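Step one of this worksheet: look at the structure below.
The values are calculated or read from the model by the stated rules, or taken from the named source; none is laboratory data. Since the model is a prediction, treat every value here as computed from it, not as a measurement. Positions of Cβ are backbone-derived with ideal geometry, glycine not excepted, and every protein chain shown enters the neighbour counts.
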Amino acid sequence: MGKTTLARILAERLHARRIYDCEDNPFLAEFYAEKPGAALRAQMYFLMERQKRIREGLAGDAPGPMISDFLMEKDRIFANLNLDDKELKLYERYYEMLTAEIPEPDLVIYLQAKPEVLRARIAKKKAAEEKQIAPEYVEEVARAYEHFFFRYEAADLLVVDTSEIDFVERSEDLQQLLKRLQEPVKGCVPSIGKIVRACHGPSAPRPGAPNCGAEEKAGSLRSG
């Protein structure tokens, strides 16, 4: 189960507003077909759409929590993977300008899964383009996420191993996560069940131990 489904469930349970990730990038097909220049076009489209959606969500006056099913920094993770040096230099100029005033979330939920689980989930998706993704690319993305979150200090971080979790079919899995979210995220402590660990503050140990597995994606929770 992925971050989009989890964000929807949490938004319903917490009566929160939700910010959706961009899933209709018109340049993705060309990117997966490895056409020249397609990576930059696809990444710039994601950047523009994601920062726009966060800004529009934050502009609302409704009180209460707000859940985003993506972390803005994920855009930069993929940019570093997919762009060449010249393209990345251009991208960074726009990224810094467009995200300068976007606040950090209060809590980030980082979903992990083994590479073979990630590949199986991609195969189940209806998007034909995503089925072209090479297994090596999935593993490269997983390593990039692990590298990023090993050093992440911008917000409280809850790491969840989703390799054997199904929040839709198994109510006990969802209840365990909801219970954990009601507890304060303090330090980096041993987990109970499938919740891997929680980290807080710049001095706390970061995720990335050998038994953490590969990463899926991250969502974020902001207070209203």
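Go through VAL168, VAL185, VAL189, VAL196 for me and flag whichever is of a type outside the set (Gly, Ala, Ser), under 18 Å from the mean Cα position of the chain (by Cα) and at pLDDT below 85.
Result of the check over VAL168, VAL185, VAL189, VAL196: VAL196.
Residue check: is GLY201 more than 14 Å from the chain's Cα centre (by Cα), at pLDDT below 80 and either of a type in the set (Ser, Thr, Tyr) or farther than 21 Å from LEU71 by Cα (or both)?
Judged against the criteria, GLY201 is not a match.
Quick one: ALA155 ticks every box in (1) closer than 20 Å to PHE31 by Cβ; (2) in contact with an Asp or Glu (Cβ under 7 Å, 6 or more places away or on another chain); (3) of a type outside the set (Lys, Arg) except a single one, so which number is it?
Failing condition for ALA155: (1).
Inspect region 68-82 for any residue being farther than 23 Å from GLU146 by Cβ and either at pLDDT 95 or above or surrounded by 12 or more Cβ atoms within 10 Å (Cβ to Cβ) (or both) and give the result as yes or no.
no
In the list ILE67, ILE54, which residue meets the criterion of being over 23 Å from TYR137 (Cα atoms) and in contact with a helix residue (DSSP H, G or I) (Cβ under 6 Å, 6 or more places away or on another chain)?
That would be ILE67, the only listed residue that is over 23 Å from TYR137 (Cα atoms) and in contact with a helix residue (DSSP H, G or I) (Cβ under 6 Å, 6 or more places away or on another chain).
In region 147-156, is there at least one residue being modelled with pLDDT of 80 or more, surrounded by 14 or more Cβ atoms within 10 Å (Cβ to Cβ) and over 27 Å from PRO103 (Cα atoms)?
Checked region 147-156: no residue is modelled with pLDDT of 80 or more, surrounded by 14 or more Cβ atoms within 10 Å (Cβ to Cβ) and over 27 Å from PRO103 (Cα atoms).
With a cut-off of at least 2 residues that are touching a Phe, Trp or Tyr at 6+ places or on another chain (Cβ under 9 Å) and touching a residue at least 12 places away in the same chain (Cβ under 8 Å), name the helices (runs of 4 or more DSSP H) lying wholly within region 79-166.
Passing ranges, in order: 135-150.
Scanning for something under 30 Å from ASP161 (Cβ atoms), at pLDDT 90 or above and in contact with a Cys (Cβ under 7 Å, 6 or more places away or on another chain), does region 33-46 turn up at least one residue?
Yes, the conditions are met somewhere in region 33-46.
So which of ARG18, ARG50, ARG55 ends up being buried (at least 16 other Cβ atoms within 10 Å of the Cβ) and more than 21 Å from VAL160 (Cα to Cα)?
The unique qualifying residue is ARG50.
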